[in-house]
Structures are given as C-alpha cells and as structure tokens.
1. Restricting the range 533-549 to residues that are closer than 22 Å to residue 297 by Cα and crowded, with 19+ Cβ neighbours inside 10 Å, which is nearest to the chain's Cα centre (by Cα)?
2. Answer yes or no: is there a residue in the range 155-174 that is surrounded by 12 or more Cβ atoms within 10 Å (Cβ to Cβ), in a helix (DSSP H, G or I), modelled with pLDDT under 80 and touching a strand residue (DSSP E or B) at 6+ places or on another chain (Cβ under 6 Å).
3. Filter the range 293-321 for residues that are closer than 13 Å to residue 445 by Cβ and touching a strand residue (DSSP E or B) at 6+ places or on another chain (Cβ under 9 Å) and give the result.
4. Please indicate, with yes or no, whether at least one residue in the range 135-146 is surrounded by fewer than 16 Cβ atoms within 10 Å (Cβ to Cβ), under 30 Å from residue 577 (Cα atoms) and out of contact with any helix residue (DSSP H, G or I) (no Cβ under 9 Å at 6 or more places or on another chain).
5. Among the residues of the range 253-263, is any closer than 16 Å to residue 530 by Cβ and assigned to a strand (DSSP E or B)?
6. Restricting to helices (runs of 4 or more DSSP H) lying wholly in the range 37-130: which have 2 or more residues that are under 42 Å from the mean Cα position of the chain (by Cα)?
7. Which residue out of 433, 388, 457 is under 30 Å from residue 282 (Cα atoms) and out of contact with any helix residue (DSSP H, G or I) (no Cβ under 9 Å at 6 or more places or on another chain)?
8. Of (1) closer than 22 Å to residue 304 by Cβ; (2) assigned by TED's automatic domain parsing to the domain that holds residue 522; (3) buried (at least 18 other Cβ atoms within 10 Å of the Cβ), residue 489 satisfies all except one. Which?
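The values are calculated or read from the model by the stated rules, or taken from the named source; none is laboratory data. All values derive from a computational prediction rather than experimental measurement. Neighbour counts are summed over all protein chains in view; Cβ atoms, including those assigned to glycine, are modelled from backbone coordinates with ideal geometry.
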C-alpha cells in the first residue's frame, strides 16, 4: 500500500518540452484510451489538483494541513482524544524521531549553564528572583538526571493534521473548532503556509516527513499522545450491534460475557428501538441463543414466521391459554418446598394486581387459600408434584368462598372465573415454548388486562426457564406497562436480579422513560443491566436521562439531534456513539416502517399472482 501511495504522489518530472508534470496526473484521456491500461491510481486520483498557499483543492474537496508548534509545560493524559473523536473528516500523522541521549546531554549541559548564569547575574545585581528562570532550571536538571539514569529518552515529534471540507466556509469552521479545543489546553497549531503539498504528502501513509517541523518531547509527554483514545466496543466474539459514529469501527459485543446479561433500551416513538431489538434477536439466534418476546404491538409476528418460531396471540378470544397455577419441577439445587413457596408468593402478587389491591387481612386470606387449593390437588411441600395436574382459578375460588370474610374478594374474582374474562385465565395451559424463537403478543388484549397478561406470561416463562439451563434472551417490549403496578414492576426486577443464575438475559425496552423512572424499581432495573442503549430522545425526558446516566452536555445534545437508529451504546464501563445498520435481507425481515411493509406485501401479492397465472398457463398448454 505504501509503494502504491509513493507511486501516486511521486515528485514531478520534466518532459521533453521542459514542462513540469506529475507522472500520474499528466496522463491524458487519449493516452489512457490508446494504451488501454487503466491502473488503480488513475481511478482513485482526484479529477483536478490545485495547490494554493493555505490549502489544496482535491477535485470537489478542499484540504488544509496544520502542525503543532507549541506545548504547555504539562500534558495531561488523553489530551488528544477530543480531536480524535471529532465527528469530522480529517487525517493525522505523528512522526517520532529518537534523539541520541549523549547528544542531548551535551546540549542540556550548555543550556543549564546558560540558565544558571542568568540567575547568578540577577542575584549579583540584587534583582528580584525570576520564577520562570528557577522553574526552567529545575526542569532542565530533573530531565538531565532522568536521561543519565535512562529513565527518559528524547524525541523530535511532529504532529500534522489535514482537514477536509466541501467549501471554504466549512473548512474555516472545522479549523476554528480544532483550534479552540487545542488552545483551551495551551496547545497551538499553525497552517503549513506555502507548504501544503509537503504537508499533504506527510500525512498520507507513505512514511515521509516532508514538513520536518518538530518539537522536542521526552518519553512521558510523548506517551500522552498514544494511543488514539477513541472509545470502541469491538471484541473477539459477540454480535454486531452497529457502527461507532466517531471512528467507524464495528460495535461487536457479547452480552453473556458481562457480570449480568440484562439490557435496557430507551427511545422516543419512531426512533428505531424495535428495529434495533429485532436486529439483535435475528443475530443472536445465529449464535444458539433462544429468544422469547413479550410483544404489546404485534411487531414481531413476521420475524417469528421468517425464522420458523412460534407466535402466540394472547387475548380474551384466543385459543392459547396459560394457567397461573402451573408449577415447575424442582431443580437439583431446589426443594419442592422452595418451588411451592415461590409460586405462592408470585400468585399473591398476581391476585393483588387482578383484584385492584388487597387489605392485609385479605392478603393473608388469599395466601392461605392458595396453599389449600394446591393441597386439594395433593400438591404439598413434601409431595412430588411433577406429574400432578395443577389446579385452576375456579378451584381457588371454590376454596376461597368457603372462608369467613371472603365475600368481597370472591365478588371481585368472579369476572375472572365465570365472567367475561374467564376464557383468559380459567383454562389449563396449552402453549409450548420449545422453540428457538417464541413471541407472546398482547396487542388484542384489553388495556385494563394488559399488565395482568404480561405478568402471567412472564411468570409462565420464568417457570419454563427454571426447568432446564439454556442460553436465553427474554425481551419485554413497551416495559412501561409492567411499571404501572408495583407487583409487576417488582416481578420484572426479580427476573433482572435472578436471571443470570439461569443463563437468562432480560432486555427491557420502553419509549416512556418518565413513567419507567417513576417506579421505585425503574432505577434498580437499570443498575442491574450491564448494557444500555439510548436512541433519539424527546426534550421532555432528556434531563431525566442525563441525570440517570450521567451524560455530558455533548452526549445530551447528541441524543436530541440523532437520526433514526442513532444514539449511545453503553456496555460495562464503556460507551460509544452508535449507528444501527442492517443488511438488505435483515431489513426486509425486521422493518417496522408501514410504507415499506405495504410495499413488501404488494410485491409479494404480485409475485404470487404471477406464479398462479404461470401455473394456470402451463395447465392450459398441457390440455
């Protein structure tokens, strides 16, 4: 590659007529056509090249090269990172030329003598002590000691920056932005006046320092330039989440490599949160991860169909039912008593949600009634209930109605056992999630029952997850429905805390950050999530998110100004600005854009009509 660039930008030569021309640039179209030999440098070379005193015109682009001329006394770590992470087009070259230590020691000896002489002259004349001379003397002596002890080395360092723009105004803005960032750190740059050609050739990767403008730096300040501090999340394994907007590197990460496997996604409506989630699901399935989705808006139906998964539509008129009294078989590290007690606690929370709250007396009564309902089916802490058919909600109602003071609770429970909502809850379970990808849709469920439905589905999933250990991802879309009730929010939080033990990652997605944060379990769920994805935000919630995620003002404005599919990706202690990208095939499977969905359906119908017409024609020909 270096030889190619050297050939592309090699020095000018004299023609027979005495005219100077660049060997590559001077090839005329007629000569290329006649020779029929179009090389790569002819393809990528700019259409025109104009060298001016302060810039170079490269076809439709303007380039300007700068060099650093001055550094402060101290350089802090990562001082160069704001430049590296600028969302601009530029090239940087750093040339480091080692200096012989013995030569530097001789120069230091002479310089120390000069400074010491100036100090002595001022003392002889009775002048006031000059702090600058004293500081220079101390620095020189300290550096000389380090050089003698081989603790430091000296280098001639040249740092050159070439910026690109479409016009002079844009070039001026980029120049001022870079200057202001560096000058705030007492680092000053200048354009390479009448040396723009040499500057441009010094920055391109041909290992040639034609500018030769250097500053002497010892090892410690030189190390503050390296490496280029640009946050990245590119690991050896995992799935592609998107592209780093700062340096165009790939954001590849494995959620199952962190201390927990949970994630949260916050974004305003239409900013691409479901698109990003479906993309992660599609790629996770390729790495042997089972995925279960709770879908409130029927957005994952086509994806389930495309990957051969199962789709359950949970509603009052649905043929799919889940019995909340189902019990998992105890694991090796559990007892039957542990499983039964845990399920009773969850059922009390469910009934509290279904019945609009319970008084302490009613709570105790319901707890006792659940235990007696299980006992009626010979399900006790001492029994093996793995093959026993669990009770139904109507069995619970029968037990409860026989207790004193239960009239109010029974009256509220009737609508779930014999009323209009009986078809939803009072049936044996008939769903099977033994597939790589499973979706539970609650779109057609009445809004009043959605939190109850999501709670029951999550409880059923949790029961199945605990049966056998397998790498799984549970996606809860529009999780703010779960945060409306303390019981549902508490159950979601318990899964976030306990999921790791069962190799389960919880992905929580919501567009209503304010409602999510109002819950006492909102921030704890975020705290227990190693991955956070923030896409485009609304001005009404950005201040809350800035406080929660400790965002800088620049990151805050980035989220406000992001386009669809852009935002900030947090993983562990790192975070980067991300852009979600997909292939054409992936986009066709996961898109949520209504216009694109209609277009795809129309194209599919036309294709089916054409195939039908073709088949009909073939039959007619045979006849």
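1. The qualifying residue nearest to the chain's Cα centre (by Cα) is 533.
2. No; the residues of the range 155-174 include none that is surrounded by 12 or more Cβ atoms within 10 Å (Cβ to Cβ), in a helix (DSSP H, G or I), modelled with pLDDT under 80 and touching a strand residue (DSSP E or B) at 6+ places or on another chain (Cβ under 6 Å).
3. Within the range 293-321, 294, 295, 296, 297, 298, 312, 313, 314, 315, 318, 320 qualify.
4. No, every residue in the range 135-146 fails to be surrounded by fewer than 16 Cβ atoms within 10 Å (Cβ to Cβ), under 30 Å from residue 577 (Cα atoms) and out of contact with any helix residue (DSSP H, G or I) (no Cβ under 9 Å at 6 or more places or on another chain).
5. yes
6. 40-44, 81-84
7. Only one candidate passes the filter, namely 457.
8. Only one criterion in (1) closer than 22 Å to residue 304 by Cβ; (2) assigned by TED's automatic domain parsing to the domain that holds residue 522; (3) buried (at least 18 other Cβ atoms within 10 Å of the Cβ) is unmet by residue 489, namely (1).
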